[in-house]
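S.K.: Would you mind keeping the following structure in view while I ask a few things?
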Amino acid sequence: MESLLSFACEHAHSAYWIFFLLLMLAGLNFPISEDIILLTGGAIASMCIPDHAWHLYFWIFAGCWISAWEAYAIGRKLGPRLYDVKWFKHYITRSRIARLHHYYEKFGVFTFIVGRFIPGGVRNALFMSAGLGKMPFLTFISRDGIACFISSSTLFWLGYYFSANYKTIAATIATYNEIAIFAVLIAILVGVIYLAQRRKRSDAA
């Protein structure tokens, strides 16, 4: 753990542009987790560059917001052809787009706020569907700007807070490590006994 933290801190001066670049790739549907970037960014800011935490947060927030513009542009330019592009077919389906349009009309900005916290391709599908439905760009960036600020602030500062207390958390985990292992073993044993008895009853029937 210490060696991993040391490596991260040694390269913390490059974190700004590395995180920003990764977020730009995420906007193009590369399998990169925005949530992990935010949490990791907060952790590095806390442990390695606390005096530049706000600077790093600004770059990560900008990356999250601008990467959404990429997804919006893809939806706007390709339109219905998105359904036939293999790179996006897993995330963009007609039923999902229809649901998202319904949510846009019914809940407005709250659709973006909730969508920002849902991983697994839903986030980019949200942005692409806004472009596909030709939502005005200024409306899109204003609504998503609010949602992006809420989600990025929440996750970044969660990472910041918990990493600042990682030694306490690690000590607690170490204290209860043996108890946790024992509890898991008991759970496995109970499961094995239950399955054995169930099979025995099935054979008897």
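The values are calculated or read from the model by the stated rules, or taken from the named source; none is laboratory data. None of the values given here were measured: they were computed from a predicted structure. Glycine gets a Cβ as well: all are built from the backbone with ideal geometry, and neighbour counts include every protein chain shown.
S.K.: Assess whether Phe110 counts as being modelled with pLDDT under 90, in a helix (DSSP H, G or I) and crowded, with 19+ Cβ neighbours inside 10 Å. Quick ask: steps written out before the conclusion?
M.R.: Values: modelled with pLDDT under 90: yes; in a helix (DSSP H, G or I): yes; crowded, with 19+ Cβ neighbours inside 10 Å: no.
In short, no.
S.K.: Confirm whether Pro136 is assigned by TED's automatic domain parsing to the domain that holds Glu70, at pLDDT 85 or above and not hydrophobic (A, V, I, L, M, F, W, C). Lay out the reasoning, then the answer.
M.R.: Details: assigned by TED's automatic domain parsing to the domain that holds Glu70: yes; at pLDDT 85 or above: yes; not hydrophobic (A, V, I, L, M, F, W, C): yes.
Against the criterion (assigned by TED's automatic domain parsing to the domain that holds Glu70, at pLDDT 85 or above and not hydrophobic (A, V, I, L, M, F, W, C)), Pro136 qualifies.
S.K.: Can you tell me which of Ile74, Ile66, Ile32, Ile36 is without any contact (Cβ under 8 Å) to a residue 60 or more places away in the chain and within 18 Å of Phe162 (Cβ to Cβ)? Lay out the reasoning, then the answer.
M.R.: Numbers: Ile74 fails: within 18 Å of Phe162 (Cβ to Cβ); Ile66 fails: within 18 Å of Phe162 (Cβ to Cβ); Ile32 fails: within 18 Å of Phe162 (Cβ to Cβ).
Every option except Ile36 fails the conditions.
S.K.: Taking the stretch 113-140, which residues are exposed (fewer than 14 other Cβ atoms within 10 Å of the Cβ) and within 27 Å of Ile37 (Cα to Cα)?
M.R.: Across the stretch 113-140, the qualifying residues are Ile118, Pro119, Gly120, Leu138, Thr139.
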